[in-house]
Amino acid sequence: MKKIIVHAVLIFLIAVILFPTVWVVTTSFRRDEAAFSSELFSSRLTLQNYIDLVLPERNIPVLVQEMQNILSRAKPFNQLTFDQAQKRMEDSLGKFEQYLQQTTSKYSVAKETYQRIDDFLKKNSEKTKELVLNNLEELKKTISGEIKDSFDDQYKVVLYEYLSKENFNSPIFMVFKEDLQKIVGFSVNDVSDYNNALEILRQSYELYMKDHLKNLAELSQKLDQLDKASTDIKKQIQPLQDQVMKTDVILKNDLLPELNALSNSLENLKNLKDSIKDSLMKTDFPLDDTFFLQSVSASIEQLEGIEQKLENLVDYADLKRPLQKITDILKDITNIDSSAKFKMAYSDFIKAYREIQPKLERALNETQTALSNIEEKAIILHDLNEKLTEIKRQMNLLEQEKLIVQQKIDLLESQTKDARRTAQLKIFLFELDGRIATVKAITSFGKTDLLKYSSLMTWLRNFMNLYTSKDEVYTKLRKTIDDLKWIEEYRTFSTRFENTTKNLEDLLKKTRNLLDDFEKSWRELLAVSYSGVFVTSEHLSKLDDIARSEFFSKVRSDLAVVMRKAGVLMSLIPFSNLRSDFKEIDKEYYRIDQIWKQKTKHYFLRWVLNSVIISLIVALITTGVCATAAYPFSRMRFSGRKYGIMSFLLIQMFPGVIFMVAIYNLLNFLGKYIGFLGVDTPGGLIFAYLTNIAYNVYLIKGFYDLIPSSLEEAAIVDGATRFQSFYKIVLPLAKPILTVVFLLVFIGTFNEYVVARIILQNVQNYTYALGLQAFAVGPYETEWGLFTAAALLGMLPMVILFLSLQRYLVSGLTRGAVKE
């Protein structure tokens, strides 16, 4: 048992691990929607993805652009002589003509094949009808066997729910008429009998459901009324809140700072009053301060009124502090000795107050007015909020009560599940008889008949979505839909094929006229262009619009659906002799699509070559530097030897990406003086990759330690220098570890993406890893086939290098891992 479990786990892990690889390989050969297809393997295979990468085809969009560039003498055709340009134009036109003829030929074959399929299906319409009827009869038989008559209370409840919404002699009534008569015990032949029968059912319904539904309706009504009242109160609260908010802004943003400033001014005035007693200069007559005393008294009275209002407004405690301070100061400054009124300083005090008094009066008036307005609204808001809180409390209680009632109703309804299933199946069986009669009346396989079949499929699918029981009926229903699905697929296939036929014929006719017209004038246009005049062709512009826009918008969308449906029908259609015809249409249309399709422009082979060159150079430089640097750490004794390599390793712990800003700036600087080491150059990228030194030095040093030093000593005794012993004895013996380092650096550099993405901008300088991203997105859709094919082709250099050097890999890694 233990072995079985272990093997099962291993098989599962292998399947999970290998699935991505299998998906990549199969997707690269498929021409269907591989990313979203439920099938891992497909019969619709092609090598086109690999052809597009290795030998890109000059299809119609490319040829049109090429001919336009030849006429305009744009790059890369600006260096051609007139004769060369003429020859290249003739070659492009000849290729265009071949593609046009090939498209016409492929289209004709596809059209003839479609006609053959259509004729066959029309001749065999009776077989199709027989197939549909057999499936429907089997479904009817299954449903009939599942229906078990029962006239218990649950069934009466369900029957009342259905019939209470129906009129006498309605289709639903006819379904349940026999059951209704058995339940009520009398014949139901007119409206009066029907109403009496419904009354009996209603009594059973109310007895079963008790008062729960009535309570639920009452609770819902009360909740609606409270919700409406809550909405009305919220509507009243909103404008009041807006007004209060505006007043609040005035009080807190305008008046509060002004009151604070006034309190500070009055504080200074108080200090001035306190200094009067120390003044010596007097006047002959006392100063009249009646206005001062009256004004201060009025202000104090007003302040007391304002403070009383603030007692009811707890949100404005910040106002109380400056107002209380102003009140205290005003009371203090009126408490002055009578002898002080004869002093000159008292006159200055009164004059200073006269300057402050208008500001104080205005601030207090505005504060009093604002608080009066806000006090009234605050009281109203308080009352409204209390009402709203009470309504919410009542609504919460009612919601809880409603939830309890609903749970009771749900429990009762769950007890009627079987009865509902029976009623649902009886209605479906009644409608199924009507659908069978409709199918029997079908005499052909034309558009009208396909529409009837499609309507049948929609009806079956809708019922399956509503049918919640996963029983034999559901299984049979799904099988019936799966067996008849091909008819619906064929209807879509047929409609889209005819759309494609119409639009493709128009497009080919328009293309042919433009091409014939262009062939009459292109030589003269080319001669004008080579005389120094910039030339473009309106014919080619129109052809470019057709290839890039019209084909995609008018033809390719339908073309893609036709190909996809043809692939589906290959496996679904019950007539095996038609499967090859659908495959033929799929093949012919796929080729037409490839001829006209606007493909992703790429430099795949150049990207792979860039990666190979950069990886080789980086691997060679890294291996050479590391091999030389590791030797002193292994053989020589010097100060800092022990911690030197450890310091290198510590630095290596930080990923190179975090230094990219510094590396980018360094490359940007070097590029000004040493062009091949700048940003967006292979040299600059190679320079940025030379950072993985320390780890490899440590790896090679461990291998050097295993090489007996006596070999070098013997060579030195024989007259060799230290360097000669290094490269003639140590390096040949260290070949396994050097190979390992070379291989690891090559693979790591070949697959690196982030650094290359930062440094390289020109698409032609891209590495393989960076260029692979371009295949993830096509001009109109994700090119999964092209993407996976590019991934597989890009692996070849690494695989070849790895296989050729694998014999060194194990020995190189293991021999340097331990000390003897």
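The values are calculated or read from the model by the stated rules, or taken from the named source; none is laboratory data. Computed from a predicted structure; not experimentally measured. Glycine also receives a Cβ, built like all others from the backbone with ideal geometry; neighbour counts cover every protein chain displayed. Accessible surface areas use protein heavy atoms only, side chains included; no ligands, DNA or RNA. Shrake-Rupley method; radii C 1.70, N 1.55, O 1.52, S 1.80 Å.
Tabulated data for the structure shown
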| quantity | calculated |
| --- | --- |
| Phi-based couplings in Hz for region 618-632 (Karplus 6.51, -1.76, 1.60; Gly and Pro marked x) | 4, 5, 5, 5, 4, 5, x, 5, 5, 4, 6, 5, 6, 4, x |
| Average accessible area per residue (Å²) across region 498-622 - probe 1.4 Å, nucleic acids and ligands excluded | 45 Å² |
| Simple spin-label estimate for Asn513 and Glu206 in nanometres, 7 Å along Cα-Cβ | 7.8 nm |
| Calculated Rg and Dmax of region 168-215 using C-alpha coordinates, Å | 11.9, 35 |
| Computed over region 367-480, the ratio Rg/Rh where both radii use C-alpha atoms and Rh is Kirkwood | 1.46 |
| Length added when fully stretched, Gln806-Asp718, from 0.36 nm per residue minus Cα-Cα | 28.1 nm |
| Packing-based ranking, highest mean first, of 689-696, 508-515 given that Cβ atoms within 10 Å are counted | 689-696, 508-515 |
| Volume per residue that the Cα convex hull of region 160-261 spans, once the total is divided by residue count, Å³ | 149 Å³ |
| Viscosity 1.002 mPa s, 20 °C: Kirkwood-radius Stokes-Einstein D of region 507-617 over Cα pairs, µm²/s | 119 µm²/s |
| Heavy-atom surface of region 55-180, accessible at 1.4 Å and reported per residue (Å²) | 51 Å² |
| Translational diffusion coefficient (Stokes-Einstein; Kirkwood radius from C-alpha pairs) of the chain at 4 °C, 1.567 mPa s, in µm²/s | 33 µm²/s |
| For region 515-556, alpha-carbon Rg relative to the globular expectation (2.2 N^0.38 Å, N residues) | 1.44 |
| Check: the chain dipole with +1 on Lys, Arg Cβ and -1 on Asp, Glu Cβ, in debye | 3840 debye |
| Region 574-732, Rg to Rh (Cα coordinates; Rh as Kirkwood inverse mean 1/r) | 1.30 |
| Length released on extending from Ser647 to Arg606, taking residue separation times 0.36 nm less the Cα-Cα span | 10.9 nm |
| All lysines inside 23 Å of Lys177 as judged from Cα atoms, apart from same-chain residues fewer than 8 positions distant | Lys140, Lys141, Lys148, Lys156, Lys165, Lys417, Lys426 |
| Viscosity 1.306 mPa s, 10 °C: Kirkwood-radius Stokes-Einstein D of region 678-749 over Cα pairs, µm²/s | 112 µm²/s |
| Distance between region 152-194 and region 97-141 - C-alpha centres, whole angstrom | 47 Å |
| Calculated P(r) of region 1-126 - Cα pairs past 17 Å, % | 77 percent |
| Table column - 3J(HN,Hα) (Hz), region 755-764, Karplus curve with 6.51, -1.76, 1.60, x for Gly and Pro | 5, 4, 5, 6, 8, 9, 10, 5, 4, 6 |
| Cross-link partners of Lys343 among lysines (Cα-Cα below 26 Å; sequence separation of 8 or more within a chain) | Lys270, Lys273, Lys277, Lys282, Lys331, Lys351 |
| Per-selection metrics, region 721-797 (Cα): Rg and Dmax in Å | 19.2, 66 |
| Partner lysines for Lys510 [C-alpha distance under 24 Å; skip if fewer than 8 residues away on the same chain] | Lys95, Lys106, Lys111, Lys502, Lys520, Lys542, Lys554, Lys597, Lys599 |
| Evaluated at q = 0.26 Å⁻¹: base-10 log I(q)/I(0), Debye formula over Cα of region 444-489 | -0.90 |
| Mean-position separation - Cα centroids, region 542-558 and region 39-90, in angstrom | 18 Å |
| Added length on full extension, which subtracts the Cα-Cα distance from 0.36 nm per residue, Asn260 to Ile674 | 142.2 nm |
| Selected from Ile333, Thr290, Ile614, residue furthest toward positive end of dipole (the chain; charges at beta carbon) | Ile614 |
| Mean residue ellipticity (222 nm) of the chain, computed from DSSP H runs ≥ 4 via -39,500 (n - 2.57), nearest 500 | -25500 deg cm²/dmol |
| 5 angstrom amide H check on Lys282, placed H, neighbours 5+ away | Met344 |
